[in-house]
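Everything on this sheet refers to the single structure shown next.
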Amino acid sequence: MASLKDPVWKYGVLEDVVTKGSSNISLNKIKEDDGPFPVFGAKGYVQNASFYQQESDYLAIIKDGAGIGRVSEHPSKSSVLATMQYLLPKEGFEIRFIKYFLESIDFEEYRTGSTIPHIYFKDYKSAKFPLLPALEQKRIIAKLDRVFVEIGKAKTNAEQNLNNARELFDSYLAKVFLLNTTKDNGWEVLKLKDLCEKITDGVHKKPVYLDSGVPFLKINNLTKGSGISFEKLSYISEEDHKEYCKRTNPEKGDILITKDGTIGVVRVIETDIAFSIFVSLALLKPIDKSMSVYLKFILESPLIQNQMKPKGVALKHIYLRDLREYSVPIAPEHERLRIVNTLSSLSKEVDQLEENYAAKVKAIDELKQSILQKAFNGELT
């Protein structure tokens, strides 16, 4: 095992081993372009272009927006969008050794900006970097490759178990509601508007936020976990809340649906906590609150989700006028109870698997970081 006292392990800084480069490429700039040279963005391949910015293989790091600090490796004669920055290996340094090193860095320490996060090379260029001979770099790369293949398998298996449970739940949803829309067995089909006292949305203007007060819910409060999250809240005054409630007045048993961006996430309000909602959320007030959970499952089913066709190009959107007209199959009461019990049980199983998966992924990520730290401290045997 190498140690910090081993003369092989000499340290410099990241700037000693990479040269930074900038991109000025935007999607608008290349949308009419075509050619043999790939262009990559934060989520991977974007399109081909008639030009390229890098002659040799290189690394790119997300410097703006979601995913800051995520590193990717790219082939010669290609480019990246301007939200990413080039990191070009200097002679004598293995590109994948540098990539593994960058993955060991917690870039949140270098994050700036609140609305749009950003990292600057000038802030992390002084990170301590081991200046190792090529053979030692390759030995560490090979070791990390082997370890991370096994870690990847564990992560894939956990993800597959979760996907299998989701598929079972979705197939049951499809079977129950899609097959019963045409059968003459006591079911009836009604418009969603006929089952609700009100279908509306939240506040259309940005309110004045406070450090404390009445919770003000937005999309992110519905998309984390399986319920309504009251963590990372915004707050408004009691006076504003009373004004906003003239339009919505969310209550226990009502239903919330995300209608902008991430559309079609459905939650039943199960709390007596008073809150207001933003325009990105739709509120449904069922006439019969005992049907709220049944309606939630219908709204989550392919029957309704397929009707929630995105409107708009830049931002996916559900219009209230469309939501009100959705056709909803209503089972006889005894059948509704059976469906709700079965789906609730399946839903709990999926929720538990999601919790287990999240815990396993967190443990895997922590293990990966621990291994990377050991690798770059000379402790990897």
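State the answer as a single residue: which of F51, T112, I263 lies farthest towards the positive end of the charge dipole of the chain, with beta carbon charges of +1 for Lys and Arg and -1 for Asp and Glu, about the Cα centre. Result: F51. Highest mean packing comes first when the peptides 132-141, 282-291 are listed by Cβ atoms within 10 Å, giving 282-291, 132-141.
In a DSSP loop and with at most 14 other Cβ atoms within 10 Å, the GluC sites (Glu not before Pro) in segment 297-373 are E325. Take 153-164, 120-131 and order them by the average number of nearby Cβ atoms within 10 Å per residue, most first; the result is 120-131, 153-164. In square nanometres, what is one fourth of the surface area of the convex hull spanned by the alpha carbons of segment 188-330? Hull-based average projected area comes out at 8.4 nm². Taking E94, E167, E32 in turn, the Gaussian network model of the chain (Cα-Cα springs below 10 Å) assigns the largest fluctuation to E32.
Near S23, the amide H atoms lying under 5 Å from its own belong to Y86; only residues 5 or more places off or on other chains count, and H is placed 1.01 Å from N. Taking amide H atoms as placed 1.01 Å from N in the peptide plane, the amide H of V46 lies under 5 Å from those of V39, F40, G41, each 5 or more residues away in sequence or on another chain. Taking only alpha carbon atoms, segment 281-381 gives an Rg to Rh ratio of 1.23, where Rh is the Kirkwood radius. May I ask for the angle, rounded to the nearest 10°, between helix 333-375 and the longest principal axis of the chain, with both axes built from Cα atoms and the value confined to 0 to 90°? Computed tilt is about 10 degrees.
Rounded to the nearest 20 debye, the dipole size of segment 70-214 about its Cα centre is 480 debye, using +1 on the Cβ of Lys and Arg and -1 on the Cβ of Asp and Glu. Quick one: 3J(HN,Hα) in Hz for segment 118-126, Karplus 6.51/-1.76/1.60 with θ = phi - 60°, rounded, Gly and Pro as x. Calculated HN-Hα couplings, in order: 8, 10, 10, 4, 4, 7, 10, 5, 8 Hz. For the chain, the longest principal axis of the C-alpha atoms and the axis of helix 134-179 are separated by about 10°. For segment 25-109, pairs of C-alpha atoms spaced more than 17 angstrom apart make up 47 percent of the total.
In a solvent-free Debye calculation with one equal scatterer on each Cα, what is log10 I(q)/I(0) for the chain at q = 0.06 Å⁻¹, listed in the order of the q values? After summing over all Cα pairs, the log10 values are -0.35.
For segment 1-95, the set of chymotrypsin sites (Phe, Trp or Tyr not before Pro) satisfying both a DSSP loop assignment and a count of at most 13 other C-beta atoms within 10 Å is given as F51. Within segment 84-167, the ratio Rg/Rh, alpha carbon atoms throughout and Rh by Kirkwood, equals 1.09.
Laboratory data are not the source of any read-out in this text; all were calculated from the coordinates shown. Model, not experiment: these values are computed from the prediction. FYI the Cβ positions are ideal-geometry reconstructions off the backbone, even for glycines, and counts take in every protein chain you see.
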